[in-house]
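Dropping the structure in here first, questions after.
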Amino acid sequence: MENKLPSSRDPETKIVTGHPAVPPGIRLALFYATTFFVIGIYMPFWPAWLSSNGLGPTEIGILLSITTWTRVVMGPLVAQAADRLGRRKPFMIGLGFMTLVTFFLFTYAGSFFEFAAISFLLGCSFAPMIPLAETTTLSVAAHRGLDYGRIRLWGSLTFIAASWGGGLWLAGRTENAILPLLLVGSVSILFACLVLPDVQFSRIQTTRAPIRRLLRSPVFVLFLAAAGLIQGSHAAFYGFSTIHWRTIGLSDQIIGLLWAIGVGAEVLLFAVSRAILRHIDVTQLLLIGAAAAIARWISMAYFEDFLILILIQTLHALTFGATHLACLHFIQKAAPLASTTTAQALYSALGLGVASALMMAVAGRIYDHHQSGVFLVMAAAAFAGGTGALILQKKWHGGQLWAS
């Protein structure tokens, strides 16, 4: 089934929905659900799996940063290729297959070099899929009048089920039970990619690379810096919160519950995102995310009581959710249509990737010696990001960076 996308920005864009019996919104939600099932296992429990294979905090930090640094290069290159081709789905299918193969290779890893090489492949395959999916979802949502937040929240709900259920699954089992879950999730991702709507748009006619043009825009670079510092301040949490909570005596079930509570708060924010965006603009959302991150990381450094940790975790709705919504809608408003996939990938790779990779590597060393003190460094990063958001508020006029 083929539909024309009625957009004033590019009348040559069309959406091949396919599978008319299953609405495209459901198929997009399926992709988010399967992808965030994998993330829901990977984020809280992958460091523990690496630790069970004899790797220390510094080595774990390096491996996690390798994956992140890889997406810094591969994400924008894949996205630029998709923009030039005028399609995203074929790339997503290939990346989904590569993700499955990569997680399977971890079953044979033994030395640190082998872990590093496979982590590099993971960065080449898994992370580049998400910017392609985000721009696809925004295109289909604009075409069908769908609410992005209502589609995206299914990823968050699955993350809750995976992180909480992962804790229950691990109870009485060794960390070796983690990898089979990731393999099952990877098979599901590949299936979801195969049934996605196929958004087709005009190929880029200019010889100027979208990457170069975006990175020469001072406003876009300022956006990347502000968003990257706020989102990158989550590095210590993603890398070491599970290990930290284990050291203070929390069980895997409780740890999974804490992760689930954070994402549950995020789900509530996504459910009302359309109403929020009618009343709060992009830069205001960035400032809210920065302020919440400062409060969250300072609290993580000093409090260990379970009830207080529950309250701290609800701030995830703002530290991640509000910041993520702000970033997506900045790109939708600021980037010309033929460059949106590249802009999304640059945000994922540079705005998130560089900041996260740097802070993840540093966090491993700091946590090795100062444990919870690492969260104070993350609070400082969030403060710097908030400062960048204030400057962006004054510099950006609210429209496209250049005429499409």
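In terms of modelled amide H atoms, which long-range or inter-chain residues lie less than 5 Å from the amide H of Gln200?
Under 5 Å from the amide H of Gln200 lie the amide H atoms of Lys14, Ile15, Val16, each far enough along the sequence or on another chain.
Okay, moving on. What helices does the chain hold that run 27 Å or longer along their axis, going by alpha-carbon atoms, with a Kyte-Doolittle average of -0.5 or more, using DSSP H for the helix calls? Walk me through the numbers on the way to the answer.
Values: long enough: 24-52 (41 Å, 1.04); 57-85 (41 Å, 0.71); 148-170 (33 Å, 0.58); 252-271 (28 Å, 1.64); 282-302 (31 Å, 1.41); 374-395 (32 Å, 1.34).
TM-like helix candidates: 24-52, 57-85, 148-170, 252-271, 282-302, 374-395.
Cross-link candidates for Lys395: which aspartates and glutamates have Cα within less than 15 Å, leaving aside residues fewer than 8 places away along the same chain?
Partners within reach: Asp281.
How much length, in nm to one decimal, is gained on full extension between His369 and Val73, taken as 0.36 nm per residue of separation minus their Cα-Cα distance?
Working: separation 296, 0.36 × 296 = 106.56 nm, distance 3.10 nm.
Here the segment from His369 to Val73 would lengthen by 103.5 nm.
Looking only at His279, His244, His316, which one moves most when the chain is put into a Gaussian network model with springs between Cα atoms under 10 Å?
Sorting by GNM fluctuation, first place goes to His279.
If you don't mind, another one. Please report the net charge: other residues with Cβ closer than 15 Å to the Cβ of Ala317, K and R +1, D and E -1. Kindly include the intermediate steps, with their values, before the conclusion.
Details: positive: Arg152, Arg296; negative: Glu266.
Once all neighbours under 15 Å are counted, the net charge is +1.
Given points 7 Å out from each Cα along the Cα-Cβ axis, report the Leu183 to Phe104 separation in nanometres with one decimal.
It is 0.9 nm.
Gain in length, Ala275 to Thr387, computed as 0.36 nm per residue apart minus the alpha-carbon separation, to one decimal in nm? Spell out each step's value before the answer.
Values: separation 112, 0.36 × 112 = 40.32 nm, distance 2.60 nm.
Roughly 37.7 nm would be gained on extension.
Taking a ≥ b ≥ c as the square roots of the eigenvalues of the Cα gyration tensor of the range 293-348, is the shape rounded (a/c under 1.5), prolate (a/b larger than b/c) or oblate? Working shown, then result.
Details: a/c = 4.59, a/b = 3.70, b/c = 1.24.
Here the range 293-348 falls in the prolate category.
Sticking with this one: What does the charge add up to near His234, with Lys and Arg as +1, Asp and Glu as -1, over the other residues with Cβ less than 14 Å from its Cβ? It would help to have the intermediate numbers written out before the result.
On the way: positive: Arg296; negative: Glu266.
With Lys, Arg at +1 and Asp, Glu at -1, the neighbours total 0.
Now a separate question. How far apart, in nm, are two points set 7 Å out from the Cα along the Cα-to-Cβ line at Val221 and at Arg246?
Inter-label distance under the simple model: 4.2 nm.
Each reported figure results from applying straightforward, stated rules to the coordinates on display, with no laboratory input. From a predicted model like this one, the values you see are computed outputs, not experimental measurements. Glycine also receives a Cβ, built like all others from the backbone with ideal geometry; neighbour counts cover every protein chain displayed.
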